[in-house]
Structure formats: structure tokens, C-alpha cells
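Here's the structure we're looking at; comments come further down.
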Amino acid sequence: MQNTLQHTAFNVEKVRADFPILKVHVNNKPLVYFDNGATAQKPTQVIDAIAKYYYEENSNIHRGVHTLSQKATTHYELARTTVQKHLNAADVNEIIFTRGTTESINLVAHCFGKLFIKAGDEIILSEMEHHSNILPWQVLCEERGAVLKVIPVTENGELNLEEYKKLLSDKTKLIAVTHVSNTLGVVNDVKEIIAAAKQKNIPVLLDGAQAIPHMVVDVQELDCDFYCFSGHKIYAPTGIGVLYAKAKWVEKFEPYQTGGGTIKTVTFEKTVYVDGPLKFEAGTPNIEGAIGLAAALNYLNEIGLDTIAAYENELVHYATEKLKQLPGVKIYGDVKDKAAVISFNVNNAHPFDVGTLLDKQGVAVRTGHHCNQPLMQCFNIPGTVRASFAFYNTTHEIDVFISALEKAIKMLL
Ligand code: PLP
């Protein structure tokens, strides 16, 4: 496959060779995988790290004196350090392993809510949140008699920050917004959001599920209180994710779930919990997931996230220009600052029909509401077709996608 992007010092064929699944055929056509926003494919480096763990080290962690257990413990804790460095967190104890973004957000809603939310308090979200960053807050508000406030989205798919600032008040207890929209790819000005919140001393949670694969994230520079992401969207396995929480919250929060691994001492009268992230990692954790996540982050850092971002930016602009030339295509969130995601519809065709016709031609895209029903209501549509790219995608694949879409459009008109 030829890559026609000239300006980037990036060998896409070399990285493609690291992803065995890209050689798969779907419906007798070479796979074109443009569903990276849902989950990304895994490189051999990640698959091998997990296999090595099972072939050579499988053992439970933290409580064993034997060699395998100590090796597994070391690698699990090294993975935590790898995440800390990746996010530039001040302290390794600010990194909590979870099952993914959804669990990270639930953990904060539960622990923060228990300590700090009472009747009449307000929590600010935005109209473009994934359901995973709506439901935990909605449940919390219902339980406590608190109120959800929603930052509106403008017609071109950006957050209306003027309206956001008007929502801030003495009642606001927390702001939870997405760093990058999963449907639109729009990159939110989270620095401005955080700066306005800090003036009132309000903590901010960022849902980083769609940002983390595409850009350098520095939690100290952002000065956010919480940052959440999922391993599987950043080339690591499913079932592992991260909650970054500033040390003061790690200290203040009580355990989210309780059980083995979280305690210093237990009697039937009283339990004393450990300090730090283990307080939130009850039971045997996803050891191979953490090891796979560290392998994925090391792999990405070898390529360089800036290189990845520049290349993906070229891909998204190349695809956007091609899409705009097709009749009846409407793109949502066509703004300058966006990650490698494009959402669109074709005339009145249902997104499922477009997606099915693309799949017949080997092109995997996502269709529907993308767990963004309030955003769909804002645009008054049932859903979109979403093409989301990774650094292993090529302009050739975009050309295949565009000609497959042209065929689909002819069939649907
Ligand atoms: N937040 C955003 C912005 C997402 O895109 C997703 C998944 O698509 C999630 C949260 C939930 O992630 P997970 O299902 O990995 O917990």
C-alpha cells in the first residue's frame, strides 16, 4: 500500500508490520480498520508482553514471597511507573489501575460524591459527554439531591465556553468534561475550562479516553484533578484503564470497593486500609493488562506522540477534503483543532445502512449514537457514521474508503 503523505518523517509501512490483524481480509477484501475510536488494534510488542507474562511469570501479586510472585509484582508496579511518566504525574501513587475510563469515572463519582456532594450542589458536564461521563453523575445527583448543569455545544460542535463560565457558581462542586469528543473529534480547550474552574477552587475531571491515543497529555501542566483513560483505546488490552487523581484526593477518598489487597489490618471490629492507589484496587487486579498497557505506552513513546499526532492530523485533513467532494455528505464538528475522528451523514441515508455497505467492502466504521445520545439530540439526528483513524492507517486506505462510500451512496440514492 502506498502512503501519499509526503511531509511526515514517519514510516507507516514499518509500523503496520507491527499489527498482525491489519493483514486480515473481511468479506474477501483487505481490512480497512477505521473504528479505532471504539478500540484500537494491538501491536506484536503488546501481544508478546502479555504472552511472556503468561509463559514465564504468571503469579498473583503483592502477597507472595516466591520468585514468580515478586517478578509479577515488580512488573505490575513498573507499569504504574510507566503510566506515571507517560502522564507526567508528580507521584506514582497518583496512578490507580481500573477496568477502564468508565470505572475510573464511577470511582470518582462514588468517592467524591460520598464525601463532598449534598442536596443543592451542582456538577457541570457538557452536552458532548459520552454516557460513561453522564450516568455516574446523574445517579449521584439523584441519590444526593444535587443538580447537573450542562455546557451547551455550538452548531459547529465546540463547547460554548462563555455559557460554561456563566454556569460556574458557589454551588458548583465538580466539573467533568471530555478532553476530546468521541463523536466529533473536537479537541476541547480544557486549559481554559480548568483555569476558570481554578479561580473558584473547583476540581476538574477530564475524560481522556479519546485524547490519550492522539496527543501528549501532561497532567501537571493541565493541572486537572482527575484524568481517566482506557488501555484498549491506546493499543493495550481491554479490561485495564487508569485513573490519575491528585495526591490530595487519593489521601482523602475512602475505598471504592473493599476486599483483599486494600488493607493494612482486619479484625471483625475494624479494618485499617493501606495508603495510596492499592486502597482502590480490591481483589486480584488485571496484572497482564497493566503489563500490556506499559508495553503499549513504551511502543508509542518510541515512535513519539508528536510524530503520531502530526501524521494523524494529515490523515484526518486528507479524508475530510475527500469526503467534502462527495455529494450529500455532511460532516459534524468540522473544526480546525480535532483528533483523528470524522463523523458524517449522507443525505437522509440511515448511518447503519452506510456502515453495512462499507463493511461489505472491507471498511470497518462505527455507526449510531456512539454513546452520545444528548449530542445526537442537539444535532437532531439519530446517529452518524464515524471514521476514526490511527497512525497505522494510510491515505491509500482513505482512498479505498472514499470509493466504497461512493458506491454506497449510489446504491442508497
Ligand atoms: N469516554 C469516552 C470519550 C469514550 O469515547 C469512551 C469509549 O468509547 C468511554 C468514555 C468509555 O470507555 P470504556 O468503555 O473503555 O470504559
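Annotations for the structure displayed:
- The residues of the stretch 206-237 that are among the acidic types (Asp, Glu), surrounded by fewer than 24 Cβ atoms within 10 Å (Cβ to Cβ) and within 20 Å of Ala309 (Cα to Cα), listed by number, are Asp218, Glu221.
- Pairs with Cβ under 8 Å, 6+ apart, first in the stretch 130-154 and within 16 Å of Asn372 (Cβ to Cβ), second in a helix (DSSP H, G or I) and charged (D, E, K, R): Ile151/Glu163; Pro152/Glu163
- Gly283 passes every criterion in (1) farther than 18 Å from Ser388 by Cβ; (2) in the same structural domain as Pro382 (by TED's automatic domain parsing) apart from (2).
- The condition of being within 16 Å of the ligand (Cβ to nearest atom) and hydroxyl-bearing (Ser, Thr, Tyr) holds for only one of Thr101, Thr44, that being Thr101.
- Residue within the stretch 344-357 that is in contact (Cβ under 8 Å) with a residue 60 or more places away in the chain and under 23 Å from the mean Cα position of the chain (by Cα) present: no
- A single member of Val363, Val316, Val335 is aliphatic (A, V, I, L, M), modelled with pLDDT under 95 and within 25 Å of the chain's Cα centre (by Cα), and it is Val335.
Each row is one residue, and each column tells you yes or no for (1) crowded, with 18+ Cβ neighbours inside 10 Å; (2) without any contact (Cβ under 8 Å) to a residue 40 or more places away in the chain; (3) assigned by TED's automatic domain parsing to the domain that holds Ile398; (4) in contact with a Cys (Cβ under 6 Å, 6 or more places away or on another chain).
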residue: Ile21; (1), (2), (3), (4): no, yes, yes, no
residue: Val26; (1), (2), (3), (4): no, no, yes, no
residue: Ala51; (1), (2), (3), (4): no, yes, no, no
residue: Ala72; (1), (2), (3), (4): yes, no, no, no
residue: His75; (1), (2), (3), (4): yes, no, no, no
residue: Thr81; (1), (2), (3), (4): no, yes, no, no
residue: Gly113; (1), (2), (3), (4): yes, yes, no, no
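- Residue within the stretch 55-76 that is within 16 Å of the ligand (Cβ to nearest atom) and closer than 29 Å to Gly261 by Cα present: no
- Residue pairs whose Cβ atoms lie under 9 Å apart, separated by 6 or more positions or on different chains, with the first residue in the stretch 88-106 and on the phi > 0 side of the Ramachandran plot and the second among the β-branched types (Val, Ile, Thr) and near the ligand (Cβ under 9 Å from one of its atoms), are Gly100/Thr238.
- Selection within the stretch 87-135 - of a type in the set (Lys, Arg), more than 15 Å from the chain's Cα centre (by Cα) and under 28 Å from Gly283 (Cβ atoms): Lys114
- Verdict on Glu288 being of a type outside the set (Gly, Ala, Ser), closer than 30 Å to Asp35 by Cβ, away from the ligand (no atom under 16 Å from the Cβ) and in a helix (DSSP H, G or I): yes
- Checked against (1) buried (at least 23 other Cβ atoms within 10 Å of the Cβ); (2) farther than 30 Å from Gln361 by Cα, Val46 passes all but condition (2).
- Just one of the numbered conditions (1) without any contact (Cβ under 8 Å) to a residue 24 or more places away in the chain; (2) of a type outside the set (A, V, I, L, M); (3) not in a helix (DSSP H, G or I) is not true of Lys85: (3).
- Taken over the stretch 256-275, the residue count meeting the criterion of being in a loop (DSSP other than H, G, I, E, B) and in contact with a strand residue (DSSP E or B) (Cβ under 6 Å, 6 or more places away or on another chain) is 2.
- Residues that are touching a residue at least 60 places away in the same chain (Cβ under 8 Å) and away from the ligand (no atom under 16 Å from the Cβ) were ranked within the stretch 238-252; the one that is surrounded by the most Cβ atoms within 10 Å (Cβ to Cβ) is Ala245.
- The single residue among Ala176, Ala146, Ala119 that is in the same structural domain as Tyr244 (by TED's automatic domain parsing), within 16 Å of the ligand (Cβ to nearest atom) and in contact with a helix residue (DSSP H, G or I) (Cβ under 9 Å, 6 or more places away or on another chain) turns out to be Ala176.
- Boolean, Tyr332 is outside the structural domain of Leu184 (by TED's automatic domain parsing), touching a residue at least 12 places away in the same chain (Cβ under 8 Å) and crowded, with 20+ Cβ neighbours inside 10 Å: yes
- Checking the stated criteria, Lys322 turns out to be over 14 Å from Met411 (Cβ atoms), charged (D, E, K, R) and out of contact with any His (no Cβ under 6 Å at 6 or more places or on another chain).
- The listed residue being out of contact with any strand residue (DSSP E or B) (no Cβ under 8 Å at 6 or more places or on another chain) and acidic (Asp, Glu), out of Asp189, Asp218: Asp218
The values are calculated or read from the model by the stated rules, or taken from the named source; none is laboratory data. Just so you know, these numbers come straight off a predicted model, no measurement behind them. Using ideal geometry, Cβ is built from the backbone for each residue, glycine included, and neighbour counts are taken over all protein chains shown.
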